[in-house]
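Single-structure report; data block below.
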Amino acid sequence: MDARERHLRLLTDTIEAVNSTLDLEEVLSQVATKVADALHADACFVYLYDERTGELVLRATHGTNVAEMTQRPRMRPGEGITGSAAQTRSPVAISRQAHLDPRFKNFPNLPEDEYESILAVPILARGERLEGALNLRTREPREFTDDEIELLLAIAAQVAQSIEHATLYTEAQRRVHELEALARISEAVSESLYLEESLEAIVKTTLDALSATGAALVLEDGKIAWPEGRADAHAIRQPLRWRGREIGELVADRASPFTQHDRELLASIAQQAAVALEHGRAVMRGVLAQEIHHRVKNNLQTVASLLRLQARATGAIDPQKALEDSVNRILAIAAVHELLTERRDDDVDLADLLGRLRAMLVQGVADGRAVDEALEPVLLAGHRATALALVFSELLGNALEHGGSTVHVDLHRDNGEVVLAISDDGRGTDGATSEGTGLSIVRALVRDELRGTFQLSGAEGTRAEVRFTP
């Protein structure tokens, strides 16, 4: 009974640790310590699978300080006893003389030959995708029971969920980092009266955002503007395009290879750099460089407000859904900014905006779900278009998640008002639907930013309707 109580307590503690933070290093460290203590093991090692290199990398330990290692142990699935558990997707238990097993792999900076027994299990996401592996070690011979093996597999499944949540969190952080980099460029451009200062800001932002050793802008006439740092082993080049014309190149160097995320970030910086470059050249002619800064600043303030509202939500929260919702809200704001940049105007064509957002939101929707639209051209000021983009994203997201097989989007004018309606053929609503964070955001934006009305109704299917005066 004591062992069962310890096992239940360990599983409860693991679930609590996994749900307490999105810091993966902290979760893994807690898991390694709690598992070793509860199962009376001398050591616990947690490896994560790196898809880029195809290797298992030691990330957390109990019994050995991984932070003090100059080089973390790595192995491919199939190498070593733990690697064998990862490759076969099944536990491996050895009760004595584990270092004599033909699968044993020795690491000079890990005292694994001190241990007699080992229990290794794979860390699998959704029961099949390899995320890593963990093992228990004891200095005295030990037969691991079936209950202990099942318990360690259950803990590994919880760790897999934590890895997935941390990956989503990292992606959201990357998007925020990208927005901050673009904001710094826009701020520098809007505050500077000289093109040279704008180019310097772009290059320095690139250095910081990509942790690069060197960066430079190469203008269309071949002139290298504001080279910073030094060239290195790896370099990437991103064209600067303005209205279909290449006006230069943004180049970055560093010692380590650039990832796909780095390339996407550089592409985003280059897109804004092209805008900044053209606007910077026209500052003395009175273009709206200051307005760019104002827009980005307001957008970031809106993002911060939405994230604070999400953080204050009560009740059970699905971290993955919360992050996905936040990413969609950021992308909705970015779509408005993109249209303003393309038009170089203060107004946004709502038909164009909603069409882009619809295409973005329906990606990944299950087969058989049909989304059709009837959108009249309507121009709306940029700051109000941002509010409508957020409203549309929330309402369409709800329809795709909870509605039926067909969703219809309608945008038209009615007696001087703009009407946005999203309807589906699902089971409908009785009007007593609980207010979540999404609907709270919708009601606040419609009331405060659009100065309009919002109605949610439906007996056969659900219809969400927003009305406001443009």
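Given Arg103, Arg126, which one is within 37 Å of the chain's Cα centre (by Cα) and not acidic (Asp, Glu)?
After ruling out the rest, the residue left standing is Arg126.
May I ask you to verify whether Val409 is of a type in the set (A, V, I, L, M, F, W, C) and either farther than 20 Å from Ser457 by Cβ or in a helix (DSSP H, G or I) (or both)? No: the conditions fail for Val409. Hey, among the residues in the stretch 35-53 that are farther than 22 Å from Tyr169 by Cβ and among the charged types (D, E, K, R), which one's nearest to the chain's Cα centre (by Cα)? The extreme case among them is Asp37. Residue count for the stretch 129-149 under the criterion of being without any contact (Cβ under 8 Å) to a residue 40 or more places away in the chain and over 32 Å from the mean Cα position of the chain (by Cα): the result is 3.
Residue by residue, here is whether (1) modelled with pLDDT of 90 or more; (2) under 30 Å from Gln173 (Cα atoms) holds:
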| position | (1), (2) |
| --- | --- |
| Glu26 | no, yes |
| Glu55 | yes, yes |
| Arg72 | no, yes |
| Ile81 | yes, no |
| Ser90 | yes, no |
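The lone criterion from (1) surrounded by 14 or more Cβ atoms within 10 Å (Cβ to Cβ); (2) at pLDDT below 85 left unmet by Leu217 is number (2). Listed by position, the strands (runs of 3 or more DSSP E) inside the stretch 206-265 whose residues that are free of Cβ contacts under 8 Å to residues at least 24 places away in the same chain number at least 2 are 234-242. Would you mind stating whether Ser305 is open to solvent by 60 Å² or more (accessible area, probe 1.4 Å), at pLDDT below 80 and under 19 Å from Ala183 (Cα atoms)? When the stated conditions are applied, Ser305 passes them.
Restricting attention to the stretch 395-421, which residues are on the phi < 0 side of the Ramachandran plot and of a type in the set (Gly, Ala, Ser)?
We begin by selecting, within the stretch 395-421, every residue on the phi < 0 side of the Ramachandran plot; these are 395-414, 417-421.
Within the stretch 395-421, Gly397, Ala399, Gly403, Gly404, Ser405, Ala421 qualify.
Looking at Ala276, Ala270, just one residue is modelled with pLDDT under 75 and within 30 Å of the chain's Cα centre (by Cα), and that residue is Ala276.
If the condition is being open to solvent by less than 30 Å² (accessible area, probe 1.4 Å) and within 18 Å of Thr33 (Cα to Cα), then the stretch 153-172 contributes Ile155, Ala156, Val159, Ala160, Ser162, Ile163. In the stretch 182-200, the count of residues that are outside any strand (DSSP E or B), under 31 Å from the mean Cα position of the chain (by Cα), at pLDDT 80 or above and over 29 Å from Ala41 (Cα atoms) is one or more. Would you call Glu150 open to solvent by 20 Å² or more (accessible area, probe 1.4 Å), closer than 22 Å to Gly63 by Cα and modelled with pLDDT of 85 or more? Against the criterion (open to solvent by 20 Å² or more (accessible area, probe 1.4 Å), closer than 22 Å to Gly63 by Cα and modelled with pLDDT of 85 or more), Glu150 does not qualify.
The values are calculated or read from the model by the stated rules, or taken from the named source; none is laboratory data. The model shown is predicted, which means the values in this text are computed figures rather than measured ones. Quick reminder, even Gly has a Cβ in these numbers, built from the backbone with ideal geometry, and neighbours come from all protein chains shown. When the accessible area is computed, the model is the full protein with side chains, heavy atoms only, and any ligands, DNA or RNA have been set aside. Shrake-Rupley method; radii C 1.70, N 1.55, O 1.52, S 1.80 Å.
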